[in-house]
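Participant: Below are the structure tokens for one structure; questions will follow.
The values are calculated or read from the model by the stated rules, or taken from the named source; none is laboratory data. Nothing here was measured: the structure is a model prediction, and the numbers come from that model. Here Cβ is always computed from backbone atoms with ideal geometry, including for glycine, and neighbour counts include all displayed protein chains. Calculation scope for accessible area: heavy atoms of the full protein, side chains included, ligands and nucleic acids excluded. Shrake-Rupley method; radii C 1.70, N 1.55, O 1.52, S 1.80 Å.
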Amino acid sequence: MNLLAVEKPARYMGGEMGSIRKDGAELRFVLAFPDVYEVGMSHLGLRILYHILNNAEGIAAERVFAPWPDMERQMEATGAPLATLESATPLALCDIVGFTLQYELSYTNILNMLRLAGIPLLAAERDATFPLLLAGGPCAFNPEPLAPFFDAVLLGDGEEAVLEIAAAVREAKRGGEGRAALLERLARIEGVYIPAFFEPSYKPDGAVAEVTALRGGQTRVRRRFIANLDTAPYPSEPVVPFMKTVHDRVAVEIARGCTRGCRFCQAGYIYRPLRERSADTVLGLVEETLRATGYDEISLLSLSSGDYSCIAPLLSELMSRHAGNRVAVSLPSLRVGTLTEGLIEDIKKVRKTGFTLAPEAGSERMRRVINKGIAEADLLETAANVYRAGWRLIKLYFMIGLPGETMDDVQQIAEVSRRVKDQAKGSGVSGEVNVAVGNFVPKAHTPFQWEPQISMAEIGERQYLLRGELKRRKLNFKWQDAPLSFMEGVFARGDRRLAPVLMRAVELGCRFDGWGDHFSMERWQQAFADCGIRPEWYLRRRALDEVLPWEHLDCGVSREFLLRERELACSEAATPDCRHGACTACGVCDFNTLAPHLCREAALPARPEGGVPMDTPTARIRLRFAKCGAMRFLSHLELLTVFTRAVSRGGVPILFSQGFHPHPRFSFAAATSVGVESTAEYMDMFVAAGIAADEVLERLNGALPEGLRILAAERIDVKAPSLSTLIDKTRYRITFDVSRSGGLAEQCVQFLAHAAYVIQRRKKGEVQSIDLRGETVSLSASGAALELVAGRGKPLEFARAITGDPDLQGDDIRVEKLEVLFLAAGG
């Protein structure tokens, strides 16, 4: 594939630090994420399963992501099938392809990936010569719209089950078993749902009449549980992408599950019970992962990080150990009321990573309905503490369309947001508030699974009200597009009759529906019409005695508990947090093998603070390095990211800039075009004076990926001129297809005969003129290659000018940067 023809080549390169290639594996297990690389590589579940599977003998875990439309067009044009990053194995030749069901609007990407892989979409049309198609993730708790496509679905925690599934497929493969026998094997694994073993039937009004179990004895499938996170495997050497990802940091899951019981929150029910990792384990994982990755931020993940039992001592110790290395700590899921002044002070020690608070509803009444359990006074006190600590911006998250909501409740969103902003007045900062408002979508296995979803028109009315009210109060407003929420709601509570709609939507070109600029409501409306489906029907209120499409799937929380919670919502009554109070009898725990597991407070082992002191004497090291092979596709920004990670991984005592966002002090010479191989890249690095240049070279070479290598290092004067002011000319070799070799010498003569050869290029809206002939110092041809020494101008521009071929593209030539010629004062 021509990576120069796509927007971001790093999405498709593979070979990242931490990636694993196992060519001789007996079983190839593909972890497929139905979104773009930078989204999928931020997903914690994928990282965990990649680690577990690759640690198993004979199993190769490989990754694949949804190709962006530019890559899809290339694949269609060349007939190249969708293949894995690690070994470029076509998906159709692998043994298992496991998709993460993270978001309903990624479903068309799943079918499109199968289409690009040459794998039949319907499970009924695939035999044992095709890979087993597996699904898991939060949307797996109602996989029915996708049921006709998948062979098996894993409900719940995957750490143990994924190895059992792999073992079953290996046994079937060794025994030459057919697909039917393999499905029987898989059905015996706890947490594995085989859609073909269940058949729904429907009433005349369209509701589900019943879901019939076709295989005797199993009428429901119960989710899989991991009882103790401390004994569960966790990746401390994850894959480190070359490019920036959505969550570009060390991510450590400190807890799974939540006991707060917010009635709209599917994750709060399907991930029960609460299981916390011990603070000791978390500290150890952070240490190992920072050392292996070179990241400069730690993210403590859970559904409510501030509720973690040992959060204060853990955060304090993390900051003590890592603040000196400019490593920040973020808590992405903070609950109002858990943020103490001490936590806020710890978080801001390195840099202010941002504060998002989620009141969810504007009025006290609605917060009682959803069991949010926070008072406005708590919200305002937290906001005041955040502003006093020096933050200028607070992000607030609300929802509209919650059950029982009135326009007055919507109005309260604007009023409480303004009161949050007012808390900045006594704090010495000019506070800003960004108000993000999502649209409520009822989800399976929650107390609101029976409730209706408001229409697109109703969403529009409430957003219109908020837009005016927030603007009047000088507050920033972000909203969720109503058509996206409409589609999410259809598939969140949909059934198998939606499968033909998905197939038709893909035929019509639906892709990346969760990305607003790719979403087309017109195509979806056509797909529904072509399949005779009224999508609004899926947003209706469900009768309390109605058989729901997911009724045969058991998340652990009982139907009776959900109905009881719904009644409490109607009466605006609270359900207490079972973390510290009595058991609320949700049905998950048996208090034998499964129960809440809390971190016990204990003295954490202190470790001296690391980092380079501010007043350390400075040395400046000039490095020459090579950028070859796949690394030639890295952009300048991606190269900067790779070196930032390598400096940390290699333990190079780098110095940092001052200010709000400190960053390592190194700088590159002029950026080399993407696709150009080079043995003459230069950078300057400011380090602690005690380290020798050769030591910097060795440490970096031990931490850089294949294709990047430091060739030379020397210490120079700290006050020497910058590299960009010293570069005079550059020597290139430009190699063409051998068919061009006959005329290159004559073309060189003709080009050099020009008195001037001026081209124009547009940069940042301005037109620049460059005289390529005037910039040329020497030019000669040898066989199919040009040897060029020139100043300004890109190699591709010179190649087009010399050959007279304006259509020449980057993949038509091979460019090597051989040497940089410095001015007399340079090094």
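Participant: With the checklist (1) among the hydrophobic types (A, V, I, L, M, F, W, C); (2) modelled with pLDDT of 95 or more; (3) farther than 21 Å from M366 by Cβ; (4) more than 32 Å from the chain's Cα centre (by Cα) in hand, flag the one item A444 doesn't pass.
Facilitator: Tallying (1) among the hydrophobic types (A, V, I, L, M, F, W, C); (2) modelled with pLDDT of 95 or more; (3) farther than 21 Å from M366 by Cβ; (4) more than 32 Å from the chain's Cα centre (by Cα), A444 fails exactly one: (4).
Participant: Scan segment 785-808 residue by residue and report those that are of a type in the set (A, V, I, L, M, F, W, C), closer than 19 Å to V738 by Cα and surrounded by fewer than 21 Cβ atoms within 10 Å (Cβ to Cβ).
Facilitator: Matches in segment 785-808: A785, L796, L808.
Participant: For the subset of segment 427-451 comprising residues that are open to solvent by 50 Å² or more (accessible area, probe 1.4 Å) and not hydroxyl-bearing (S, T, Y), which member is farthest from G268 (Cα to Cα)?
Facilitator: This residue is G428.
Participant: Being within 27 Å of the chain's Cα centre (by Cα) and among the aliphatic types (A, V, I, L, M) narrows it down to one of A669, A693, A712, A703, so name that one.
Facilitator: A703
Participant: To continue, here is another question. How many of the residues in segment 81-96 are open to solvent by less than 30 Å² (accessible area, probe 1.4 Å) and more than 13 Å from A60 (Cβ to Cβ)?
Facilitator: Total meeting the criteria: 3.
Participant: Condition test on E787, is it of a type in the set (D, E), under 26 Å from L623 (Cβ atoms) and under 37 Å from the mean Cα position of the chain (by Cα)?
Facilitator: Taking the combined requirement at face value, the residue does not satisfy it.
Participant: When both residues are 6+ apart or on different chains and their Cβ atoms are under 8 Å apart, which pairs have a first residue that lies in segment 503-520 and is at positive phi, and a second that is among the aromatic types (F, W, Y) and modelled with pLDDT under 95?
Facilitator: Here the result reads none, with nothing in segment 503-520 linked to a residue that is among the aromatic types (F, W, Y) and modelled with pLDDT under 95.
Participant: I'd like the residue in segment 539-563 that is in contact (Cβ under 8 Å) with a residue 24 or more places away in the chain and not in a loop (DSSP other than H, G, I, E, B) and, out of all such residues, is surrounded by the most Cβ atoms within 10 Å (Cβ to Cβ).
Facilitator: L553
Participant: Let me ask another. Considering segment 646-672 alone, what residues qualify as being under 20 Å from K627 (Cβ atoms), of a type in the set (G, A, S) and out of contact with any Gly (no Cβ under 8 Å at 6 or more places or on another chain)?
Facilitator: The answer is S667, A669, A670, A671.
Participant: Condition first: open to solvent by less than 80 Å² (accessible area, probe 1.4 Å) and over 14 Å from G268 (Cα atoms). Now tell me which residues in segment 564-573 satisfy that.
Facilitator: Listed by number, the residues that qualify are R566, L568, A569, S571, E572, A573.
Participant: Of the residues T245, T212, T259, T289, which single one is touching a residue at least 12 places away in the same chain (Cβ under 8 Å) and part of a strand (DSSP E or B)?
Facilitator: Numbers: T245 fails: part of a strand (DSSP E or B); T259 fails: part of a strand (DSSP E or B); T289 fails: part of a strand (DSSP E or B).
Matching residue, one of T245, T212, T259, T289: T212.
Participant: Here's something else I'd like to know. State the number of residues belonging to segment 480-538 that are within 30 Å of N434 (Cβ to Cβ), part of a helix (DSSP H, G or I) and of a type in the set (D, E, K, R).
Facilitator: So the count comes out to 1.
Participant: Then there's this: Just to verify a result, which residue in segment 446-479, among those that are small (G, A, S) and part of a helix (DSSP H, G or I), is farthest from G516 (Cα to Cα)?
Facilitator: G468
Participant: Give the residue, chosen from V386, V410, that is over 29 Å from Y464 (Cβ atoms) and among the β-branched types (V, I, T).
Facilitator: V386
Participant: On to the next question. Given the condition of a type outside the set (K, R), surrounded by 23 or more Cβ atoms within 10 Å (Cβ to Cβ) and under 20 Å from Q266 (Cβ atoms), answer yes or no: does some residue in segment 120-136 qualify?
Facilitator: yes
Participant: Among the residues of segment 230-247, are any over 28 Å from the mean Cα position of the chain (by Cα) and open to solvent by less than 30 Å² (accessible area, probe 1.4 Å)?
Facilitator: no
Participant: Is it the case that I759 is over 19 Å from A669 (Cβ atoms), assigned to a strand (DSSP E or B) and touching a residue at least 24 places away in the same chain (Cβ under 8 Å)?
Facilitator: The answer is yes for I759.
Participant: Scan segment 711-734 residue by residue and report those that are surrounded by fewer than 13 Cβ atoms within 10 Å (Cβ to Cβ), touching a residue at least 12 places away in the same chain (Cβ under 8 Å) and part of a loop (DSSP other than H, G, I, E, B).
Facilitator: Scanning segment 711-734 gives D717, V718, S722.
Participant: When segment 760-776 is examined, which residues are found to be open to solvent by 90 Å² or more (accessible area, probe 1.4 Å) and over 14 Å from R800 (Cα atoms)?
Facilitator: R762, K763, K764, E766
Participant: If the requirement is being surrounded by 18 or more Cβ atoms within 10 Å (Cβ to Cβ) and in contact (Cβ under 8 Å) with a residue 24 or more places away in the chain, which of these qualifies: A168, A161? Explain how you work it out, then say what you get.
Facilitator: Values: A168 fails: in contact (Cβ under 8 Å) with a residue 24 or more places away in the chain.
None of the others qualify; the one that does is A161.
Participant: Here's something else I'd like to know. Which members of segment 12-55 meet the condition of being open to solvent by 20 Å² or more (accessible area, probe 1.4 Å) and hydrophobic (A, V, I, L, M, F, W, C)?
Facilitator: Correct list: M13, M17, I20, A25, V39, L44, L49.
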